[in-house]
Amino acid sequence: MDIPQGESSDAGNASLDDMQPPPLRSLLTRPVLITIANYAMFAFLDMSALVLIPLIWSTPVEFRGLNLSPASIGLWMSVYGCMDGIFQFTVFPRAVGCCGLRRVFVVSIAAAAVVFAMFPVENNVHRQAFGSPNILWLLIFLQLLSLSIHRMGLGKSVRLF
């Protein structure tokens with residue numbers, strides 16, 4: 001079979017090479033923008049919490065911190081890492097199956113509020129010294145549990161709204 005001159009066997013592919021990508025404006029639809037905003041807010045809250053926890057825990061009590069030693073902070077953060085891994089493996093699939101992605105994401109954002117609200121509560125309990133440090137350890141554990149709940153928002157939350 002002879003191919004006429006001027007035509008090539010790539011005639012079908014030539015039109016693909018000439019096509020222009022769609023403009024960015026056409027890709028930024030309402031669902032895409034909402035998803036990007038959700039992830040941006042989630043990332044901001046997550047990074048803020050992970051930075052503030054060791055910072056506030058190491059700050060002296062006079063300056064609204066807890067004055068924990070680096071060894072205590074490292075121990076609590078390693079407990080958090082283990083707890084978070086187990087929590088995400090066991091609770092997240094059940095929560096999504098039971099409640100759905102949207103509710104899990106909303107609860108995870110609300111849990112971030114608990115994480116940040118615990119800082120002044122922990123400091124007040126530490127200042128008041130209600131007898132034993134066990135109350136402070138319980139509050140720290142609840143803060144880290146709230147952070148684990150917050151991190152459930154990372155999983156599979158695509159196009160929620």
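Just so you know, all these numbers are worked out from the coordinates, no wet-lab data involved. All of these numbers come straight from a predicted model, not from anything done at the bench. Cβ sites come from the backbone with ideal geometry, for glycine too, and all protein chains shown count toward neighbours.
Overview of values
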{"read-out": "Pairwise Cα inverse-distance average, inverted: Kirkwood Rh of region 24-63 (Å)", "value": "12.5 Å"}
{"read-out": "FRET efficiency estimate (nearest 0.05) - Cβ-Cβ, Gln88 to Val32, R0 25 angstrom", "value": "0.40"}
{"read-out": "Estimated FRET transfer efficiency (Met77, Met19; beta-carbon r; R0 45 Å; 0.05)", "value": "0.35"}
{"read-out": "Inter-label distance for Ser69 and Met41, nm, one decimal - labels placed 7 Å from Cα along Cα-to-Cβ", "value": "4.2 nm"}
{"read-out": "Ranked list, fewest to most other Cβ atoms within 10 Å of each Cβ, for Ile140, Ile56", "value": "Ile56, Ile140"}
{"read-out": "Calculated FRET value between Leu101 and Leu50, using beta carbons and R₀ = 22 Å, to 0.05", "value": "0.45"}
{"read-out": "Stokes-Einstein D in µm²/s, Kirkwood radius over Cα pairs - region 28-154 at 10 °C with 1.306 mPa s viscosity", "value": "101 µm²/s"}
